[in-house]
Amino acid sequence: MGEKMTRLLERLKESLAIFQNKKVQKNSRITIGVIWNLLLILFIVIVVGGFFAGGVAAGYFAALVKDEPVRPYNEMKKDIYNYEETSQLYFANKVYLGKVKSDLDREEVKIKDVSQFLKDALIATEDKYFYEHNGVVPKALFRAVFQEVTNSSTQTGGSTLTQQIIKNQVLTNEVSFDRKAKEVLLALRLEKFFKKDEILEAYLNVSTFGRNSSGQNIAGVESAAKGIFGVPAKKLNLAQSAFIAGLPQSPFMYTPFTNGGKLKSKDGLEPGINRMKLVLSRMLDNGYISEKQYKDAMNYNIVKDFIKPQKSPREKYPWLTYEIEDRARNIVAIMLAQKDGYKEKELNKNKKLYDKYTTLADRNIRQNGYNIHTTIDKKIYDKMQKAKDEFDGYGPNKTVTKIDPKTGEEKSVTEPVQIGGILIENKTGKILSFVGGRDFKKEQLNHATQARRPNGSTMKPLLVYAPAMEMGVTAPGTVIADSDTGIRSGSRAWPTNYSGRYYGLVTTREALAKSHNVTAVKVYQRTINQKPAKYLKKMGFSDLVPGDYENLATALGGLTNGVTVEENVNAFTTFANDGKFVDAYLIDKITDKNGKVIYKHKTKPVNVFSSQTSYLMLDMMRDVFRYGTAASVPSMLKFSADWAGKTGTSNDYKDSWIVASNPKVTFGTWIGYDTPSSLEAVGYGDYNIRNYRIWSKLINTAYDINPKLIDPDERFKMPSGIVQRSFCAISGMLPSKGCANAGLVKTDLFNSKYVPTQTDNSLIQGKYVIIHGKKYLALNSTPAEFAQSGLILNPDFVKKLSNGNIDPGQLIPPNDPLWKKILAPQDKISDDGKAPASIKLNASGNKLVWQGSKSPDVIGYRIYSGGKKVGSIPADNNLSYSVGNGNYYVVAVDIAGKQSGPSNEVKIGANTSKVEKKNKSKNENTKEAKEKDKNRTKDKNNKKKS
């Protein structure tokens, strides 16, 4: 061992001795210098190359973003916050209804209203350096670029929350260096302009979070919280927050619900739950939660918090939501068109233009996060739907045949009796509630606002009586002859009253209350040349055609295209509003997502009738509920209000209406089949009564909710210019002495401008006779013994009233005791110059009895005995006459006073047997003579044959 060490030391000395050699020392210095210089050159090359590479990279980056404009703050703000947001619907008084149906459900939320757990979870999972970086994280960015260049299968992501907002709101999802470069540039700029919480708030509202429990796509944490867990974002617990925070990476993989709104299976839920646990782990690693919070959340049963499918507004309030969306769409379309310089009239006339702006409006409503506030009272609306569903008196279903629009084949369809009803506040025009139909799933048509039907006799106040009063043509006390109009529909008289009979001389007040059709048409005939339908147009009837201005049938509701329940009921509010029409509305206002009002309904009253006409019309319509067609309704109500209204029925009983106003509201209902068919049905009671019942049931439910609205303390107020006057019920003129004696003086209200000024001349004192139950004026030659004295309708008055077309007998109101004393003269019977036919007389005890003469103008009979007249009786009496003993015969007397030949003679009393023998002998002789004549004829015939 010692020897080896000695040898090593000697070799070392020899090696060191080499460096002491001058030549070796020189060569060593040269070698070191070369190495040093090479290292220095390499360093310089690296540094210069780095600058060059950086310059090239910078140049490349500049080239990528050279077309990207420098965006100012306002533009970036607009872009960042320009995300689709679902519009919200509200009942009256800001009562929440629901959201407009949209492909994506998003509800904006402020960052202060988001759970801190959720904010922390999102940052820990998506961007843990969020509060430290300036928009990008270089290390993560280089890693992402390297992965992209190398086409790495493992993508760890390099986008901050700021970059994700830029990608989603400003740029596109295109995968390219060009887009990535712009994303980096804009992210840096966004961080310069916006605070961290502003950026985080945008992210919270922008990101997608899968589906809600109804299967609808959702975006934004507020919609996610409500749609998955049924709570607002600020009330999310730790586990719920972690679950939602995990969704953005793969929303539809991790979402707990299918697109049909069903909860996924256990296996289907597992990816989302595992993702939640990963989020919790990252929250723990980054110090956002404690170990205990972590463990509690990991053991939390998140599945129990997933809510069941929620009914959308369209499911719970189908008719209402469709109506709101439709009206809001029209409002926004008009606003957009006006913004582009178009007027509403142009929009309505140009279908292409209309379609364009309604499409734009629909998109705005579904994406712009509007708050649409309506006039609908939720409590009344809900109660009315329930009452409508509970009512069991609509009538039977009917089977009809329809053509399938897809196949063109006929098919049988069962249709129920449908209903449409609407409640409108008079002064404002607010639609407080409506009933759209029986079952939306079976029939989507809104029978309150869309279905058009004939409005029957509810047209009479609107088109007939109110316009006629406005023109000074009629008043409540105006008398009209409810009698044959002379108009024929085929072989039948037109129009006819519901009862099939005429009512004679009646006031327009009574005619309206009892809904006489003939009277209404006769009044309408007096005004039709002045086009009364122009009043309908002023009152919101939107589908009138030229024929509606000219046809007499319009007076009875026979419109060409019909009218909606809303339009018809709305028109009646005109009378309650002192003659001013206030268009009904359902959309009160629309605000944008920031609360700025972009639309507010403005009431624009239209002058239609004077306050005097309106009050007189209301007062007449009160009688509909007092003694008219709706007299049964007050007993069906829980309360007593000042109701004024009208009922109506269309041809063949296909439609039934009732509309009525009190000083606060107007309410009307219609019932009928969708395919027009008679409502009459055996075993279901009167169809009008069925409608009155549902009307009463619905208005009673509204009364339960708001008694002061439905049963106000006040009554309709009489305006100045209304006076009370007496008039003759025969002519409507000032009463005459004869009218007073007949007890036919009535009193009613009049517009002071149109009070009667002429004195009645309708009656004369005269004589008349009765023939076969009918009264005829007596002739000058008519025997006084058969004529009666009394009040007779003046023939000149009758002629003027009827233009010669009326049977005067139709003028006397039937079954009215006050008119029993009044004679309506029939046509005069002229003298034909012939004596009436004689009669055959018989005896019965001490009575003479006979049958009436066959002559039609016989007015009575005279009884003779011994050539002297002993008595006489009118022809319409019982044809018998009590007498004493003696011989009698009878003659018939006609209206001109001519007598028939004497009847056979009859003897009453002791000598009756002699008279009878005489008559018997006379008869036998006559019989014997006839027999002899017969035998002679027979002998002659036999001789001829021989």
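The values are calculated or read from the model by the stated rules, or taken from the named source; none is laboratory data. On a predicted model such as this, the values are computed, not experimentally measured, just so you know. Neighbour counts run over all protein chains shown; Cβ positions are idealised from the backbone, glycine included.
Observations, loosely collected:
- Per the listing GLY645, GLY721, the residue uniquely crowded, with 22+ Cβ neighbours inside 10 Å and at pLDDT 95 or above is GLY645.
- Out of LYS427, LYS411, sole residue that is over 14 Å from the mean Cα position of the chain (by Cα) and in contact (Cβ under 8 Å) with a residue 24 or more places away in the chain: LYS427
Listed here are the residues, each with its yes/no results for (1) out of contact with any Phe, Trp or Tyr (no Cβ under 9 Å at 6 or more places or on another chain); (2) buried (at least 24 other Cβ atoms within 10 Å of the Cβ).
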| residue | (1), (2) |
| --- | --- |
| ALA187 | yes, yes |
| VAL206 | no, no |
| SER213 | no, no |
| ASN217 | no, no |
| ILE228 | no, yes |
| LYS235 | no, no |
| ILE244 | no, yes |
| PRO251 | no, no |
| THR255 | no, yes |
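- Out of ALA553, ALA533, ALA493, one residue alone is over 27 Å from ASN662 (Cβ atoms), modelled with pLDDT under 95 and aliphatic (A, V, I, L, M). It is ALA493.
- Of the residues screened, ASP548 is not one that is among the charged types (D, E, K, R) and not in a helix (DSSP H, G or I).
- Comparison of PHE639, PHE609 shows that the only residue that is surrounded by 14 or more Cβ atoms within 10 Å (Cβ to Cβ), among the aromatic types (Phe, Trp, Tyr) and modelled with pLDDT of 95 or more is PHE609.
- Among residues of segment 650-659, those that are buried (at least 24 other Cβ atoms within 10 Å of the Cβ) and under 19 Å from GLY393 (Cβ atoms), counted: 4
- Cβ-Cβ under 6 Å pairs, at least 6 apart or on other chains, segment 467-489 side in contact (Cβ under 8 Å) with a residue 12 or more places away in the chain, far side among the charged types (D, E, K, R) and part of a helix (DSSP H, G or I): VAL473/ARG526; PRO476/ARG509; ILE480/LYS522
- Residue that is nearest to ILE422 (Cα to Cα) [pool: residues in segment 660-682 that are surrounded by fewer than 20 Cβ atoms within 10 Å (Cβ to Cβ) and among the hydrophobic types (A, V, I, L, M, F, W, C)]: ALA681
- Only listed residue being out of contact with any Leu (no Cβ under 6 Å at 6 or more places or on another chain), surrounded by fewer than 24 Cβ atoms within 10 Å (Cβ to Cβ), modelled with pLDDT under 95 and of a type outside the set (Lys, Arg), chosen from GLN450, GLN444: GLN444
- Positions within segment 456-499 being within 35 Å of the chain's Cα centre (by Cα), more than 17 Å from GLY628 (Cβ to Cβ) and crowded, with 22+ Cβ neighbours inside 10 Å, in sequence order: LEU463, PRO467, ALA468, MET469, GLU470, THR474, ALA475
- Scoring ILE812 on the criteria (1) within 18 Å of TYR503 (Cβ to Cβ); (2) out of contact with any helix residue (DSSP H, G or I) (no Cβ under 7 Å at 6 or more places or on another chain); (3) at pLDDT 85 or above leaves a single failure, condition (2).
- Residues (farther than 15 Å from ALA202 by Cβ and either in contact with a His (Cβ under 8 Å, 6 or more places away or on another chain) or surrounded by fewer than 21 Cβ atoms within 10 Å (Cβ to Cβ) (or both)) located in segment 121-132: LYS128, TYR129, TYR131, GLU132
- ILE419 out of contact with any Leu (no Cβ under 6 Å at 6 or more places or on another chain), β-branched (Val, Ile, Thr) and surrounded by fewer than 11 Cβ atoms within 10 Å (Cβ to Cβ): no
- Cβ-Cβ distances below 7 Å connect the following pairs, each with a first residue in segment 116-138 that is on the phi > 0 side of the Ramachandran plot, a second residue that is buried (at least 19 other Cβ atoms within 10 Å of the Cβ) and of a type in the set (A, V, I, L, M), and a separation of six or more residues or different chains: GLY135/ALA187; GLY135/LEU190.
- Residue within segment 745-759 that is over 26 Å from SER611 (Cα atoms) and not β-branched (Val, Ile, Thr) present: no
- In segment 360-407, the residues that are in a helix (DSSP H, G or I), surrounded by 13 or more Cβ atoms within 10 Å (Cβ to Cβ) and either more than 23 Å from the chain's Cα centre (by Cα) or of a type in the set (Asp, Glu) (or both): LEU360, ASP362, ARG363, ASN364, ARG366, GLN367, ASP382
- Of all the residues in segment 99-127, those that are modelled with pLDDT of 90 or more and either aromatic (Phe, Trp, Tyr) or not in a helix (DSSP H, G or I) (or both) number 5.
- Taking each residue of segment 576-594 that is on the phi > 0 side of the Ramachandran plot and looking for partners that are assigned to a loop (DSSP other than H, G, I, E, B) and surrounded by 22 or more Cβ atoms within 10 Å (Cβ to Cβ) with beta-carbon atoms closer than 7 Å, six or more apart or interchain, yields GLY579/VAL608; GLY579/PHE609.
- If the condition is being touching a Gly at 6+ places or on another chain (Cβ under 7 Å), hydroxyl-bearing (Ser, Thr, Tyr) and not in a loop (DSSP other than H, G, I, E, B), then segment 820-874 contributes SER865, SER872.
- Condition met for ASN815 (free of Cβ contacts under 8 Å to residues at least 24 places away in the same chain, touching a strand residue (DSSP E or B) at 6+ places or on another chain (Cβ under 9 Å), part of a loop (DSSP other than H, G, I, E, B) and not assigned by TED's automatic domain parsing to the domain that holds ALA740): no
- Residue pairs meeting the criteria (Cβ under 7 Å; at least 6 apart or on separate chains; first under 12 Å from LEU848 (Cα atoms), in segment 881-895; second acidic (Asp, Glu)): ASN887/GLU905; TYR888/GLU905; TYR889/GLU905
- Qualifying residue in segment 779-796 (condition: within 32 Å of the chain's Cα centre (by Cα) and β-branched (Val, Ile, Thr)): no
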